[in-house]
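In what follows, a structure is listed as structure tokens, so that the remarks can point back to it.
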Amino acid sequence: MRRKKNTPTDRQFTMAHVRRVERISPSFVRLTLGGMDELAPRGHDHWCRLFFARDGQDTLQLPTRTGEVGWYLQYLATPRARRPWVRAYTCRDVRPDTGEVDIDFVIHEDEAGRLGPAAQFALAASPGDRLGFLDQGIGFTPDHPHDWTLLVGDETALPAVAGIIASLPQDARGMAIIEVPTSGDRQEIRAPLGLEVRWIHRNESSAGGGPPGQLALEAVKATVPLRGVVHAHLIGESALATGARRHLVQEWGVPKRNVDFVGYWRHGRPATT
Ligand SMILES: Cc1cc2nc3c(=O)[nH]c(=O)nc-3n(C[C@H](O)[C@H](O)[C@H](O)COP(=O)(O)OP(=O)(O)OC[C@H]3O[C@@H](n4cnc5c(N)ncnc54)[C@H](O)[C@@H]3O)c2cc1C
């Protein structure tokens with residue numbers, strides 16, 4: 001899927017540690033990471049790759065190359081038994097004054113009731129646990145004048161949508177559609193007056209049994225097209241991101257270059273690293 005290149009050139013791997021663990025809502029665990037004094041806050045949907053030791057690994061071995069492709073080639077060349085797990089996450093808050101970063105993890109299970117390695121790490125985490133951190137920059141980079149901002153996402157996108165909204169100018173206009181598992185997972189988001197935030201709670205929907213993202217996609221399809229130039233940022237489960245893009249391009253007539261879309265995860269498929 002299309003992602004504009006914005007990876008920072010000056011980044012380093014950081015060996016971070018868990019400072020605090022908080023169950024902030026029914027579906028989210030927030031880990032506050034320490035040791036992040038060097039990380040510059042980038043706002044918006046600032047994201048990172050996190051590296052976790054696999055079961056049976058005594059040490060967390062991080063790549064030494066930091067180039068966008070270099071670290072990954074080095075990772076692939078490392079025998080699987082020594083490779084860490086790698087997953088992408090959003091920095092919900094970056095506080096250089098205390099050297100802390102908050103990451104909000106969705107605690108999800110697959111159909112057999114198994115947690116993914118990242119969700120498992122978050123659920124079992126305690127202060128002192130170590131994990132690797134690689135800065136990935138921001139993904140929200142509209143490069144054209146527009147009248148409306150349209151943000152659409154599921155729960156994995158909530159940290160990114162909240163960060164993007166906090167970074168928008170006060171005169172921004174548009175809409176954010178955010179699907180979360182339960183009403184208890186809503187977070188307070190202070191949006192510009194002209195930006196409507198619509199929440200969808202899966203547990204309250206009669207059609208709520210489907211994979212995450214389906215209700216948000218239905219909501220996009222039920223929305224009256226915004227008149228004027230739109231910039232859309234569509235993130236979350238892959239079928240939501242691609243389905244919403246198709247709808248906006250085919251039914252609303254939004255030019256493809258005005259639509260950024262990123263599948264954050266795929267239903268039924270673990271991340272490949
Ligand atoms: C740029 C970016 C930013 C992201 N930011 C965040 C973030 O801030 N918070 C966050 O929680 N996630 C975020 N994600 C999504 C996260 O990387 C994936 O959900 C990841 O697959 C979780 O890893 P895991 O090890 O827990 O599960 P995996 O091992 O990858 O998957 C195991 C199983 O769980 C399923 N699965 C994975 N994620 C979910 C889910 N959320 N709900 C239901 N089933 C799931 C998979 O389909 C698979 O069947 C982001 C992804 C990207 C690309």
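The values are calculated or read from the model by the stated rules, or taken from the named source; none is laboratory data. Fair warning: this is a prediction, and the values are worked out from it, not measured in the lab. Don't worry about glycine lacking a Cβ; one is built from the backbone with ideal geometry, like all the others, and counts go over all protein chains shown. Note: areas computed on protein heavy atoms with side chains; ligands, DNA, RNA excluded. Shrake-Rupley method; radii C 1.70, N 1.55, O 1.52, S 1.80 Å.
Taking segment 194-225 as the region of interest, how many residues are of a type outside the set (D, E, K, R), in a helix (DSSP H, G or I) and more than 22 Å from the chain's Cα centre (by Cα)?
Matching residues across segment 194-225 total 1.
Looking at segment 102-117 only, could you name the residues that are more than 8 Å from the ligand (Cβ to nearest atom) and more than 18 Å from S25 (Cβ to Cβ)?
A112, G113
Would a scan of segment 118-140 turn up a residue that is away from the ligand (no atom under 12 Å from the Cβ) and touching a Gly at 6+ places or on another chain (Cβ under 6 Å)?
No - not one qualifying residue is present in segment 118-140.
Keeping to segment 14-51, report how many residues are under 23 Å from G137 (Cβ atoms) and assigned to a loop (DSSP other than H, G, I, E, B).
Qualifying residue count, segment 14-51: 12.
Of the conditions (1) in the same structural domain as H247 (by TED's automatic domain parsing); (2) touching a residue at least 60 places away in the same chain (Cβ under 8 Å), V106 clears all except one; give me its number.
Among (1) in the same structural domain as H247 (by TED's automatic domain parsing); (2) touching a residue at least 60 places away in the same chain (Cβ under 8 Å), the lone unmet condition for V106 is (1).
Among the residues of segment 239-252, how many are touching a residue at least 60 places away in the same chain (Cβ under 8 Å), buried (at least 18 other Cβ atoms within 10 Å of the Cβ) and more than 22 Å from R173 (Cα to Cα)?
So the answer is 1.
Just give me the residues in segment 167-186 being among the charged types (D, E, K, R) and exposed (fewer than 15 other Cβ atoms within 10 Å of the Cβ), in sequence order.
D171, R186
Working only within segment 147-160, note down all residues that are surrounded by 18 or more Cβ atoms within 10 Å (Cβ to Cβ) and more than 10 Å from the ligand (Cβ to nearest atom).
W148, T149, L150, L151, V152, listed by residue number.
Can you pull out the residues in segment 44-60 that are surrounded by 15 or more Cβ atoms within 10 Å (Cβ to Cβ), of a type outside the set (K, R) and either more than 14 Å from the ligand (Cβ to nearest atom) or over 17 Å from A162 (Cβ atoms) (or both)? Outline the logic, then answer.
First, the residues of segment 44-60 that are surrounded by 15 or more Cβ atoms within 10 Å (Cβ to Cβ): 44-53, 60.
Right, trim to of a type outside the set (K, R) and you get 44-48, 50-53, 60.
Within segment 44-60, L50, F51, F52, A53, L60 meet the criteria.
Out of (1) open to solvent by 10 Å² or more (accessible area, probe 1.4 Å); (2) more than 16 Å from the ligand (Cβ to nearest atom); (3) closer than 22 Å to A160 by Cα, what's the single condition that is false for S25?
(2)
Using the structure shown, decide if T141 is open to solvent by 10 Å² or more (accessible area, probe 1.4 Å), farther than 25 Å from R19 by Cβ and either in contact with a strand residue (DSSP E or B) (Cβ under 9 Å, 6 or more places away or on another chain) or of a type outside the set (D, E, K, R) (or both).
Numbers: open to solvent by 10 Å² or more (accessible area, probe 1.4 Å): yes; farther than 25 Å from R19 by Cβ: yes; either in contact with a strand residue (DSSP E or B) (Cβ under 9 Å, 6 or more places away or on another chain) or of a type outside the set (D, E, K, R) (or both): yes.
Here the answer is yes, as T141 does meet what is asked.
Please state which one of G99, G113, G67, G35 is without any contact (Cβ under 8 Å) to a residue 12 or more places away in the chain and closer than 27 Å to A124 by Cα.
G113
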